[in-house]
1. In the range 1-59, which chymotrypsin sites (Phe, Trp or Tyr not before Pro) are in a loop and have at most 10 other Cβ atoms within 10 Å, using DSSP for the loop call?
2. Under 20 Å between alpha carbons, and skipping anything fewer than 8 positions from Lys78 in its own chain: which lysines qualify?
3. If one puts a single equal scatterer on every Cα of the chain and applies the Debye formula without solvent, what log₁₀ I(q)/I(0) results at q = 0.12, 0.16, 0.19, 0.22 Å⁻¹?
4. Lys24: which aspartates and glutamates have alpha carbons under 20 Å from its alpha carbon, excluding same-chain residues fewer than 8 sequence positions away?
5. Quick check for me: using +1 on Lys/Arg Cβ and -1 on Asp/Glu Cβ, what's the dipole size of the range 7-99 about its Cα centre, in debye to the nearest 20?
Amino acid sequence: MCDADVDGSHITTLIMTFFFRYMKELVQYGYLYVATPPLYLIKKGKTEKYCWTEDERNRFVEELGRGKDSGIHIQRYKGLGEMNAEQLWETTMNPEKRTLRQVTIENAAEADRIFSMLMGDEVPPRREFIEKNAVYANIDA
């Protein structure tokens with residue numbers, strides 16, 4: 001479980017690299033999961049909703065405010081430490097409500113190549129990979 005922002009995604013990649021390199025069997029047999037905390041809490045009056053993406057936030061604000069965002073409180077979580085224990089339980093840890101993403105390896109050789117490139121010393125291949133795949137990124141800046 002890491003923060004829901006870009007920095008959290010980077011830390012998740014570092015953690016997955018560790019498991020891939022030193023405990024590969026955990027990944028191969030499907031025992032590695034990533035918990036996904038929300039990025040936003042939207043409130044208006046007594047109505048509140050957690051949102052995991054920018055699009056989800058925008059849709060809910062539009063729905064809740066009927067085109068206006070007056071009276072709508074938007075809290076963006078910059079990290080897990082900004083949530084109180086009840087919020088963290090409700091959104092990320094409660095087995096009945098949480099969203100877990102199972103980490104799998106479809107192609108071990110390709111996964112090894114990508115991990116080596118992303119975590120390696122050579123910047124140009126990493127930069128090229130990021131630029132090529134940035135269209136898939138969910139930027140929250």
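1. Tyr29
2. Cα-Cα hits under 20 Å: Lys43, Lys49.
3. Values, matching the q order: -0.62, -0.96, -1.18, -1.38.
4. In chain and number order, the partners are Glu106, Glu110, Asp112.
5. 120
Read-outs: derived from the displayed coordinates by stated rules, not from any lab. Predicted, not measured: the structure shown is a model, and the values here were computed from it. Positions of Cβ are backbone-derived with ideal geometry, glycine not excepted, and every protein chain shown enters the neighbour counts.
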